[in-house]
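Asks: Please read through the structure below; I'll follow up with questions.
The values are calculated or read from the model by the stated rules, or taken from the named source; none is laboratory data. Nothing here was measured: the structure is a model prediction, and the numbers come from that model. Because the Cβ atoms are built from the backbone with ideal geometry, glycine has one as well, and the counts that use them run over all protein chains shown.
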Amino acid sequence: MSIERLSQILSPPVRRSLSDEVAERLRRAILNGQFAPDEPLRESQLAESMGVSRGPVREALGQLEREGLVINRSNGRSFVARLSQDDLEEVYSLRRVLEQLAVEYACRKATAADVAAMQAIVDEMDRACTRA
């Protein structure tokens, strides 16, 4: 198989720092409501639960503060930000636009195998909703 063909099949791995991974996991947990608004986020507890040192957690909390999901107080403590209705509507309107673009792109570029893989994911999501 040629390098060109392999490049079409396999994309390069995404290089992410440990703090990026921690931030992504925390972001997902916050947006999914697993952490309540104003809930304290203790570096030591988060680090221990994720099996990382406090440094990546500290960097991740700084990133999430810049995104508006976390509030870092002057005493060094971090808390989950309380999102307003306007904040939520903005997040979901942006998500709606981005997801639509992703679907349009996928429709233009997808192979039959890609479509089958996506359909399997949709079917699994449907089964999960039915079980819930």
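Asks: What number of residues within the range 53-81 are surrounded by 17 or more Cβ atoms within 10 Å (Cβ to Cβ), under 16 Å from residue 20 (Cβ atoms) and of a type outside the set (D, E, K, R)?
Replies: 8
Asks: While we're here: Kindly indicate the residue of the range 64-101 that is closer than 19 Å to residue 26 by Cβ and in a helix (DSSP H, G or I) and also farthest from the chain's Cα centre (by Cα) among those meeting that condition.
Replies: Checking each candidate, the answer is 87.
Asks: Please name all residue pairs, on different chains or six or more residues apart, with Cβ atoms under 7 Å, provided the first residue is in the range 47-66 and is without any contact (Cβ under 8 Å) to a residue 12 or more places away in the chain and the second residue is among the polar types (S, T, N, Q) and surrounded by fewer than 16 Cβ atoms within 10 Å (Cβ to Cβ).
Replies: 47/53; 54/44
Asks: Of the residues that make up the range 38-45, is at least one within 27 Å of residue 16 (Cβ to Cβ), within 18 Å of the chain's Cα centre (by Cα) and modelled with pLDDT of 90 or more?
Replies: Yes, some residue in the range 38-45 is within 27 Å of residue 16 (Cβ to Cβ), within 18 Å of the chain's Cα centre (by Cα) and modelled with pLDDT of 90 or more.
Asks: Right, another one. So which residues in the range 11-31 are farther than 26 Å from residue 51 by Cα and modelled with pLDDT of 65 or more, if there are any at all?
Replies: Of everything in the range 11-31, nothing turns out to be farther than 26 Å from residue 51 by Cα and modelled with pLDDT of 65 or more.
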